[in-house]
Amino acid sequence: MILGIDYGAKRIGLALGDKYLKIYKPFKIIKNDKNLIQTLKHIVKAYKIELIVLGYPLTPSGKEGQRAKKVKKFYELLRKELNIEIVLQDERYTTFEAKSLSDEKETDHISAYIILKEYAENL
């Protein structure tokens, strides 16, 4: 299984996928709080996650801005805490696309789904 992550300062959007069946779905939104790493460890174990695809918010011109630097720190923390492969996936415009696909106020898990699906389409 693959876990897609849309990292945010307050909320983390998650999506799940099966790379062999090529099935991907929005999963849930979790809080970005002191329990975040423990929550992710539990999800990784419970769903037998083999790969994490982490959204990497580059600027429209493709450069690394402030948000991307925060995601890079989170990426390093995940690498340290979890013993699985983690890849960064360009997530430019996923929030816009997620809002167009859903009438929900919180679309973080939809964004995670788009990040995961775009990664899988480029394999």
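We did not get these values from a lab; they are worked out from the coordinates using the rules stated. If you're wondering where the values come from, they're calculated on a predicted model, not measured in any experiment. Glycine gets a Cβ as well: all are built from the backbone with ideal geometry, and neighbour counts include every protein chain shown.
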Next item on the list: Please give the FRET efficiency for Lys70 paired with Lys28, using the beta carbon to beta carbon distance and R0 = 35 Å, rounded to the nearest 0.05.
Entry: 0.95
Check: Cα to Cα, under 13 Å, and not fewer than 8 places away if on the same chain: which aspartates and glutamates meet these conditions relative to Lys73?
Finding: Glu64, Glu81
Item checked: Relative contact order, percent, the chain [alpha-carbon distance under 8 Å, six or more residues apart] -> 34
Margin query: Can you list residues from other chains, or at least 5 along the same chain, whose modelled amide H is less than 5 Å from the amide H of Glu91?
Written below: Tyr56, Leu58
Item checked: Helical contribution to [θ] at 222 nm, DSSP H n ≥ 4, -39,500 (n - 2.57), averaged over the chain, rounded to 500 -> -12500 deg cm²/dmol
Next item on the list: Round to a whole angstrom and tell me the spacing of the C-alpha centers of segment 109-123 and segment 20-79.
Entry: 12
Notebook entry, point to check: For the pair Thr39 and Thr59, how long in nm is the line joining their label points, each one 7 Å along Cα→Cβ?
Noted result: 3.1
Next item on the list: Give a residue-ordered list of calculated ³J(HN,Hα) values for segment 107-118 (Karplus: 6.51 cos²θ - 1.76 cosθ + 1.60, θ = phi - 60°; whole Hz; x for Gly, Pro).
Entry: 10, 4, 6, 5, 4, 4, 4, 5, 4, 5, 5, 5
